[in-house]
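Undergrad: Before I ask anything, here is the structure I am working with.
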Amino acid sequence: MNMSDRIHNLSETECVVNTLLGIVSENECTQCGKCVFGYEGAAQLQMILGDITEKKGKSTDLGQMQELCELMKTQSLCEAGEEIADTVLAALETYRQDFEDHVGKKGCKAGVCKKFMTYHILADKCNGCGECIDACDEEAIIGKDKFVHIIDQQECIQCGACMEICEEEAIVRAGAVKPRCPKRPIPCKRR
């Protein structure tokens, strides 16, 4: 399967930005160095796509990628540089809204880009055991015994340790659509 086919056959659980980052990173141009436009172009694309997946994308990134790929198509000395440029351009055209959502910080609809995900504790499932508090090295979880705990999104680094430890399955990971959760610790419902 060539690069363009890979981009056009994405499932709902695959992120175009993350997939494209993988394709660019694995491209032979990143190791070659025989031509500036292939080597440097791939390196620049890799850096821009990496920033976008890390929630550091800028509004100018999509235009820069477009311009860079247009140059790569005409100036690369081999087909690999041209193919990666064509693939990125095809992805930008086909999945423009997904790129804009990433750059505009609205999220990753596939739920793949970790920095766009947040963790939440569901009040109807939390029993106030405190296991998640102990598991969180960042001290991002607020609560006390028999109270529904709260995750401080400013402190949370999205490691997922709290979700792994929770036997009640009270902690969920969310993308653009967030569950309704209490703003402060409240007493747990009796079971």
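Read-outs throughout are calculated quantities, based only on the coordinates presented, and are distinct from any laboratory measurement. Predicted model only: the values in this text are computed from it and were never measured. Cβ placement follows ideal geometry from the backbone for every residue including glycine, while neighbour counts extend to all protein chains displayed.
Undergrad: Magnitude of the Cβ-charge dipole of the range 1-140, K/R +1 and D/E -1, about the Cα centre, nearest 20 debye?
TA: It comes to approximately 260 debye.
Undergrad: Further question: Quick check: net charge around Lys115, other residues with Cβ under 11 Å of its Cβ, Lys/Arg +1 and Asp/Glu -1?
TA: The answer is +2.
Undergrad: Leaving out same-chain residues fewer than 8 places away, which aspartates and glutamates sit with a Cα under 17 Å from that of Lys105?
TA: Of all the aspartates and glutamates, those that pass the test against Lys105 - Cα under 17 Å, at least 8 places apart if same chain - are Asp51, Glu54, Asp61.
Undergrad: Between Glu79 and Gln66, what is 0.36 nm times their sequence separation minus the Cα-Cα distance? Round to one decimal in nm.
TA: 2.9 nm
Undergrad: With every atom except the alpha carbons ignored, what do you get for Rg and Dmax of the range 34-146, in angstroms?
TA: Considering the range 34-146 through its Cα atoms, Rg and Dmax are 20.5, 66 Å.
Undergrad: Gln153 to Arg6: extension gain in nm, 0.36 nm per residue of separation minus the Cα-Cα distance?
TA: Once the chain is fully extended between Gln153 and Arg6, it gains 49.5 nm.
Undergrad: State which entries of Lys58/Lys114; Lys109/Lys144; Lys73/Lys106 exceed 22 angstrom in Cα-Cα distance in the structure shown.
TA: With Cα atoms farther than 22 Å apart: Lys109/Lys144; Lys73/Lys106.
Undergrad: Same structure, new question: I'm spelling it out carefully: the read-out is Rg/Rh (Cα atoms, Kirkwood Rh), the candidates are [x] 1.05; [y] 0.96; [z] 1.13, and one was derived from this structure. Which label?
TA: [z]
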